[in-house]
Amino acid sequence: MPQSIVSRRDALRLLSAMGVAGAAPRVFAGDDVPRKVVFDNEYVRVVEHVGHPHMGACGIGLHSHPPHLTIAMSDVKERFTLPGKDPFVATNKKGDASWDDGGAHVVENVGDRDSKLYFVETKLAPPPDREATANNPGGKIVFENDNVRVIEHLGRPRMGVCGTGLHSHPPHLTIAITDVKARVTLPGKEPFLAANAAGDAFWDPGGPHVVENVGRRDSRIYIVEIKRA
């Protein structure tokens with residue numbers, strides 16, 4: 001059967017155009033994919049999907065998910081099969097982000113290595129932080145829609161991890177794309193060291209801070225701002 005290769009983002013746009021994206025999410029009947037909740041609070045839930053080669057990338061057989069932001073935590077090559085349609089192949093590089101409105105599909109990992117995806121499901125938009133500043137050189141918006149804004153921050157050793165000098169952000173989810181070792185300084189407090197492994201996810205309620213990369217390698221983090229549930 002002929003196949004085309006597209007990006008995962010284009011694949012999700014195709015789902016929406018076909019009218020599949022509006023389908024009601026259904027419960028998994030079973031799962032060949034190791035998946036776990038890596039973070040959960042009142043605002044957001046982060047679900048990790050690890051797909052072995054030639055197995056489901058995000059579930060077994062025909063299934064669907066709630067609307068969510070997808071972040072590729074590894075390079076990913078997947079075969080999508082939609083009801084009544086020819087299969088097609090979608091690829092993503094580590095760090096690619098896209099939105100999925102949900103809908104029935106079969107997704108197989110057709111790469112030669114395990115794939116890892118983070119599904120970020122929004123629950124509630126947090127209150128805005130009026131003290132948040134725009135003092136964030138180096139930050140780059142890698143994805144934005146009506147629901148979320150995803151900002152990538154690259155920090156060189158001895159430089160800021162998520163901005164320069166004293167600054168703050170709106171309340172947000174932080175996802176470490178690489179290992180990060182940082183010195184954190186809060187106003188009126190003694191500095192302390194914080195370490196995160198690649199894949200760690202945590203909630204930051206906002207507030208002024210200075211965060212310096214004290215590791216030996218560049219750091220890479222994603223800040224995910226929730227605009228609406």
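Every number in this text was worked out from the coordinates using simple rules, so none of it is lab data. The model shown is predicted, which means the values in this text are computed figures rather than measured ones. Glycine gets a Cβ as well: all are built from the backbone with ideal geometry, and neighbour counts include every protein chain shown.
Along each principal axis, taking the top coordinate minus the bottom one, the Cα set of the stretch 87-229 gives 57, 35, 21 Å in descending order.
FRET efficiency for the LEU166 to ARG216 pair, using the beta carbon distance and R₀ = 30 Å, is estimated at 0.75.
Applying 1/(1 + (r/R0)^6) with r as the Cβ-Cβ distance of LYS189 and ASN41 and R0 = 22 angstrom yields a FRET efficiency of 0.40. Remark: the ALA229-ASP179 segment gains 15.1 nm on full extension, using 0.36 nm per residue and subtracting the alpha carbon distance.
Past 30 Å, Cα to Cα, is the threshold; run LYS85/LYS123; LYS36/LYS181; LYS123/LYS189; LYS77/LYS140; LYS116/LYS189; LYS140/LYS181 against it and keep the listed order. Among LYS85/LYS123; LYS36/LYS181; LYS123/LYS189; LYS77/LYS140; LYS116/LYS189; LYS140/LYS181, the Cα-Cα distance tops 30 Å for LYS85/LYS123; LYS123/LYS189; LYS116/LYS189. Rounded, prolate or oblate: which fits the stretch 190-229, taking a ≥ b ≥ c as square roots of the Cα gyration tensor eigenvalues, rounded meaning a/c under 1.5, else prolate when a/b beats b/c? Judged from the Cα gyration tensor, the stretch 190-229 comes out oblate (a/c at least 1.5, b/c at or above a/b). For the pair ASP200 and ASP86, the difference between a 0.36 nm per residue extended length and the Cα-Cα distance amounts to 37.4 nm. Less than 5 angstrom separates the built amide H of GLY111 from those of HIS54, LYS77, all sequence-distant by 5 or more or on a different chain.
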